[in-house]
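Asks: Take this structure, written in C-alpha cells, and hold onto it; I'll ask about it next.
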Amino acid sequence: MITIKGILEKLTYQNQENHYTIAKLRIAKISEPVTIVGHLAGVGEGESLEVFGRWGSHPKYGDQFKIEGYTVVLPATVSGIRKYLGSGMIKGIGKSLADKIVDHFEETTLDIIENEPEKLEKIHGIGTAKKKLIEQAWNKHHAVRRVIQFLQENGVSVHHAAAILQTYGSRALDILQHNPYVIAKDIPEIGFTTADRIAMKSGGKKEDENRLQACLIYCLLSLEQDGHVYGIKQDVFKTCSRLSGVEPELFEQALVSLKALDEVKTETSKENTNIYLSRLFRAESKIASRIKAILSMPRTPLHLSKDQILETVLTKLAVKLSKEQLNVVYKVLQEKIVVITGGPGTGKTTLIRALCEVFNLQKLTVVLSAPTGRAARRISQVTGKKAFTLHKLLGFDHESGTFDKNFANPLELDVFIVDETSMVDTLLMYRLIEAMPASATLIIVGDTFQLPSVGPGNVLSDIIDSEQVKVFSLTRIFRQAKESPIIMYAHSIRNGEMPDFQKAATGELSEFYFIENHGPEKVVETILELCSKRIPKAFPHIDEIQVLTPMHRGEAGTINLNQQLQKVLNQSDGGIDARGMTFKQNDKVMHLKNNYEKDVFNGDIGIVHDVIKTENKVLVNYDGRIVEYDVLDLDELTLAYTISVHKSQGSEYAAVIIALTTAHFPLLQRNLLYTAMTRGKRLVIIVGSSKALEMALNNNKTALRLTGLKQKLMGL
C-alpha cells in the first residue's frame with residue numbers, strides 16, 4: 001500500500017450520504033495537484049491529509065489515487081495551528097480569536113480544545129457560552145474524523161461511516177466503543193458481522209447476551225429483507241449459530257430476553273414456533289382484526305338495479321358491461337371489503353371506471369390510490385380521475401417516519417379503491433386499513449401473479465386465500481384482448497405453459513417476438529440494434545421504448561446495458577459525471593428514492609432537459625415538470641434506458657424489450673417473466689435463450705414467503 005501526504009486543495013465532488021469523494025491533493029514539490037478518489041469524510045479544504053491506497057487510471061480522467069484509508073494530520077507548529085484555526089474552519093473562531101488562543105496555549109492549543117475545553121475560558125472574551133459553541137463546533141467537525149479513525153483501526157470499511165453518523169450523530173463514537181451491536185439492529189445493511197468484528201476486537205465474549213440478541217435480531221431483519229414476515233424458530237437458531245459460532249440452543253435465552261423487551265413476538269402453530277419482529281407481528285394482527293371489524297359493520301345497501309347500473313355506465317363511459325362485469329359491479333355494491341383480481345385483458349380497469357361512476361351517482365366520495373407514483377398516474381390516466389400514492393394520501397412524514405392518517409384521524413371518504421395491491425407490503429397495508437373509516441367500502445384491485453411487494457408479506461394473496469373477503473376473479477379475456485399476442489402469451493406464462501411463438505416468427509408484423517440468442521454478448525448486441533435501428537421506426541420517442549432485465553450486474557444487467565445504450569442512443573458531448581455515470585442532455589433517467597421536497601419518487605422516469613456545467617446542475621423533465629439536481633443530488637439519479645423488472649412494476653410502456661439469459665438464473669421466475677411481459681402495451685420482444693425462458697417458466701416460487709396473515713384472518 002502506498003502513502004502520500006499533502007494539503008486538500010479542492011473537494012471536486014462529495015456524496016453526502018456515503019462520503020464518496022473526488023478531490024485534489026496538493027503534494028509538496030509536485031507542480032500539479034493529485035486527483036484522489038474514494039470514501040473521504042470529516043475533512044475540509046486546507047486540511048493536511050495522509051492518504052493510503054493505490055494508483056489507478058481512469059480512461060477519461062487519467063491517473064488517480066484510490067483511497068483505502070487516511071488520517072487527518074493536525075498541525076503541530078504554532079504557525080500551523082494559527083493558520084488552521086484562523087481559516088474559519090471551526091465555527092466561532094475567527095482570525096482574531098484564533099491569535100489570542102494560540103498566543104496563550106501555543107503548541108498545546110488543539111489538545112486543549114479537544115480534551116480540556118473548559119480552559120478556553122481563561123482567554124479574555126471567551127465565556128461559558130462561547131466556550132460551549134467552540135466545543136460543539138470542534139466536535140461536530142471532528143466527529144467524522146474520530147469515527148473514521150475508529151473504523152479503520154477495527155478493519156471496517158470507511159464507507160459505513162456515513163450511515164453510522166447519520167443514524168447516531170454525536171453519539172456515534174460512544175456507541176461504536178461501548179455497544180456496537182445496536183448497529184446490527186438499527187442499520188441492517190451494515191449488519192451483524194461488522195458490529196461483531198468491532199465488539200470482539202474490543203474484548204467481547206462469544207456468549208455475551210448482547211451479542212446473541214443482536215445476532216437474532218439481525219437474522220430476523222435479513223428475513224424481512226427477503227420478503228418474509230417471520231422466521232421458523234429452529235431455522236433462525238441454525239442461521240444464528242452459523243453467523244456467531246455459538247450453539248443454537250444458547251439463543252433460547254436471547255429469545256426470552258427479546259420477548260421481555262417487546263422486540264420480538266412468538267406464535268406457535270401445530271408444526272413450528274414462529275418468531276416475528278414485534279412491529280411485523282402487530283401489523284399482521286391489526287390488519288386481520290381491522291378487516292374483521294369492518295366486515296362486521298352493517299352495510300348500507302345501495303338501491304340500484306342492474307338495469308340502472310348498465311344505463312349509467314353506458315351513458316357516462318360509452319361502454320356496455322358484459323354479463324360477468326355487470327354481475328361483479330352489482331355484487332360489489334353489497335360488500336364492505338372486496339377483492340377484484342385477474343390478468344391482463346380481463347377488464348379490471350373497466351370495472352374500476354364503472355364502479356366510480358355508479359358510486360358518484362349515489363353522491364359517494366370515491367378516492368383512487370396506488371402504491372407508487374407510476375401506478376397512481378397510470379390509473380389516473382385510464383380512469384380520467386385523480387389518483388394518489390398511498391404514502392401521500394396517508395400523510396407520510398419523511399422526516400419522522402410517521403403517518404398523519406390513522407385510526408384516530410381517518411381518511412374522509414366513502415369508497416377507497418386501491419389498485420396494484422400486489423405491490424403493497426404488510427406494513428403499508430396496516431397503515432392503509434388503519435386509516436380507513438369503518439363505515440367506508442374498501443375495493444382492493446390487483447393481479448396475484450405479479451411480483452410480490454418489495455417489502456415483507458404477500459398481502460393480496462393472503463387476503464384472497466383466507467376466503468374471509470369476497471373475491472371476484474376475472475378470467476374471461478375480452479375479444480379485443482384475445483387478438484393481442486402479448487396478452488395471450490402472458491396468460492400462457494401465467495398458467496405455466498410455454499407459449500407458441502411460431503405465429504410471431506412467420507414474417508408477419510406482430511406485437512410479440514422471441515429472438516433466440518445464446519450468450520449475454522449476443523443478447524446485448526441484438527438489444528442495441530433493436531433500440532438504435534429497428535424499433536425507433538415505429539416508436540421514435542425514447543420514452544416509448546423500455547429495456548427490462550432481471551439483474552443489475554453482469555453483461556446483460558442494467559449497469560452495462562445502460563452504458564452501452566447511452567453510447568448508441570445519445571452521442572452528444574459534455575455532461576456531468578457522478579458515480580461512474582455521465583448524465584447528458586436527452587438522457588433517459590430514473591429517480592431512485594422518494595424525495596418529498598422535489599416531489600419526485602422512487603422509480604419516476606424522466607428525460608434530461610439540460611446540463612449546466614458551469615453550475616454543476618442537471619435539469620430533468622418529468623412529464624412537463626422540470627426538476628433541478630445539483631451535483632450532490634445526482635446519487636438519486638441513474639440512467640434508465642434499461643431498468644430492472646422490479647422497478648417496472650406498476651408501469652406500462654409502448655414497447656418493451658426483455659433481456660433473458662441463463663446468467664440471470666438467481667432471479668429467473670415465472671412471475672418475473674409474466675410481470676415483464678405485461679409491461680408492454682403494443683410491442684414486446686424477448687431477447688435470450690430458450691433455456692432461460694424454460695428456467696423462468698418452471699420456477700414458481702411466489703408461495704415461499706413466510707407470512708401469517710391468512711391464518712390470522714381465518715382465526716387459526
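The values are calculated or read from the model by the stated rules, or taken from the named source; none is laboratory data. Everything numeric in this text was worked out from a predicted model, so none of it was measured. Reconstructed Cβ throughout: ideal geometry from the backbone, glycine too, with neighbour counts over all protein chains shown. Heavy atoms of the whole protein, side chains included, go into the accessibility calculation; ligands, DNA and RNA do not. Shrake-Rupley method; radii C 1.70, N 1.55, O 1.52, S 1.80 Å.
Asks: Rank-order 164-170, 396-402, 674-680, 428-434 by packing density, defined as the average count of other C-beta atoms within 10 Å over each peptide's residues, highest first. Please report the intermediate quantities before stating the final value.
Replies: Values: 164-170: 16.3, 396-402: 10.4, 674-680: 25.1, 428-434: 23.6.
Going from most to least packed, we get 674-680, 428-434, 164-170, 396-402.
Asks: Multiplying the sequence separation of ASN360 and VAL568 by 0.36 nm and subtracting their Cα-Cα distance, what value in nm do you get?
Replies: Details: separation 208, 0.36 × 208 = 74.88 nm, distance 5.01 nm.
Full-extension gain reported as 69.9 nm.
Asks: Could you list the residues of the stretch 198-214 with an amide nitrogen less than 17 Å from a label point located 7 Å from the Cα of THR167 in the Cα-to-C-beta direction?
Replies: 198-200, 210-214
Asks: Next up: Where does helix 128-153 land angle-wise versus the long Cα axis of the chain, in degrees 0 to 90, nearest 10?
Replies: 70
Asks: Calculate, in nm to one decimal, what PHE665 and LYS66 gain on full extension: separation in residues at 0.36 nm each, minus their alpha carbon distance. Display every interim value, and only then the final one.
Replies: Values: separation 599, 0.36 × 599 = 215.64 nm, distance 3.36 nm.
Contour length minus Cα-Cα distance gives 212.3 nm.
Asks: Can you match Rg/Rh (Cα atoms, Kirkwood Rh) to one of these, (1) 0.96; (2) 1.01; (3) 1.06, based on a calculation from the structure here?
Replies: (2)
Asks: Pop a pseudo-label 7 angstrom from the Cα along the beta-carbon direction at both MET714 and ALA654 and give the gap in nm to one decimal.
Replies: 4.8
Asks: How would you order 518-525, 281-288, 304-311 from highest to lowest mean count of nearby Cβ atoms within 10 Å?
Replies: Working: 518-525: 17.6, 281-288: 21.9, 304-311: 13.9.
Highest mean packing first, the order is 281-288, 518-525, 304-311.
Asks: May I ask you to derive the relative contact order of the stretch 591-630, considering only C-alpha pairs under 8 Å and at least 6 residues apart, and to give it as an integer percent?
Replies: Numbers: 61 pairs, mean separation 10.9, N = 40.
So the answer I get is 27 percent.
Asks: Above 21 Å lies some portion of the pair distances; for the stretch 249-381, what is it as a whole percent of all C-alpha pairs? Please report the intermediate quantities before stating the final value.
Replies: Values: 5275 of 8778 pairs.
In whole percent, the long-distance tail amounts to 60.
Asks: What FRET efficiency do you get for ALA293 and HIS646 if R0 is 51 Å and r is their Cβ-Cβ distance, rounded to the nearest 0.05?
Replies: Values: r = 34 Å, r/R0 = 0.66.
Efficiency at R0 = 51 Å is approximately 0.90.
Asks: I'd like the distance between the alpha-carbon centres of the stretch 14-56 and the stretch 660-716, rounded to an integer number of Å.
Replies: Cα centroid of the stretch 14-56 versus Cα centroid of the stretch 660-716: 45 Å apart.
Asks: At 222 nm, what value in deg cm²/dmol follows for the chain if DSSP H runs of at least 4 each add -39500 (n - 2.57) and the sum is divided by all its residues, to the nearest 500? Mind showing how you got there, number by number?
Replies: Values: 27 runs with 272 residues, N = 716.
Calculated mean residue ellipticity at 222 nm is -11000 deg cm²/dmol.
Asks: Right, something else. How much area per residue is accessible in the stretch 240-283 when the probe is 1.4 Å and only protein heavy atoms are counted (Å²)?
Replies: On the way: 2400 Å² over 44 residues.
Using a 1.4 Å probe on heavy atoms only, each residue of the stretch 240-283 averages 54 Å².
Asks: Let me ask something additional. Going by alpha carbons, how many degrees (0 to 90, nearest 10) lie between the helix axis of 373-383 and the longest principal axis of the chain?
Replies: 30
Asks: I would also like to ask the following. Give, as a single signed number, the net charge of other residues whose beta carbon lies under 12 Å from the beta carbon of THR12, with Lys and Arg counted +1 and Asp and Glu -1.
Replies: Numbers: positive: LYS10, LYS24; negative: GLU9, GLU45, ASP577.
Neighbour charge sum, excluding THR12 itself: -1.
Asks: Which angle between 0 and 90 degrees, to the nearest 10, do you get for helix 191-201 versus the longest principal axis of the chain when only C-alpha atoms count?
Replies: Once rounded, one gets 30 degrees.
Asks: If you stretched the chain out fully between GLU106 and GLU135, how much longer would it get, using 0.36 nm times the residue separation minus the C-alpha to C-alpha distance? If you can, show how the numbers build up before the last one.
Replies: On the way: separation 29, 0.36 × 29 = 10.44 nm, distance 1.81 nm.
The GLU106-GLU135 span can extend by a further 8.6 nm.
Asks: Give a quick list of GluC sites (Glu not before Pro) in the stretch 1-77 that DSSP marks as loop, anything other than H, G, I, E or B, with at most 15 other Cβ atoms within 10 Å.
Replies: On the way: sites: GLU9, GLU17, GLU45, GLU47, GLU50, GLU68; in loops: GLU17, GLU45, GLU47.
Hits after loop and neighbour filter: GLU17, GLU45.
Asks: Between the stretch 546-570 and the stretch 102-156, what's the alpha-carbon centroid distance in Å?
Replies: Using only Cα atoms, the two centres lie 49 Å from each other.
Asks: Per-residue counts of other Cβ atoms within 10 Å, averaged by peptide: what ranking do you get for 98-104, 52-58, 371-377, 220-226, highest first?
Replies: Working: 98-104: 17.1, 52-58: 12.4, 371-377: 22.7, 220-226: 19.1.
Result, highest mean Cβ count within 10 Å first: 371-377, 220-226, 98-104, 52-58.
Asks: Where Lys and Arg each count +1 and Asp and Glu each count -1, what net charge lies around ILE175 among other residues with Cβ under 14 Å from its Cβ? Don't jump to the answer; show the numbers that get you there.
Replies: Numbers: positive: ARG146, ARG171, LYS185; negative: ASP174, ASP186.
Value of the local net charge: +1.
Asks: Can you give the local net charge around LYS363? Use residues other than it whose beta-carbon is closer than 14 angstrom to its beta-carbon, Lys and Arg +1, Asp and Glu -1.
Replies: On the way: positive: none; negative: GLU357, ASP414.
The answer is -2.
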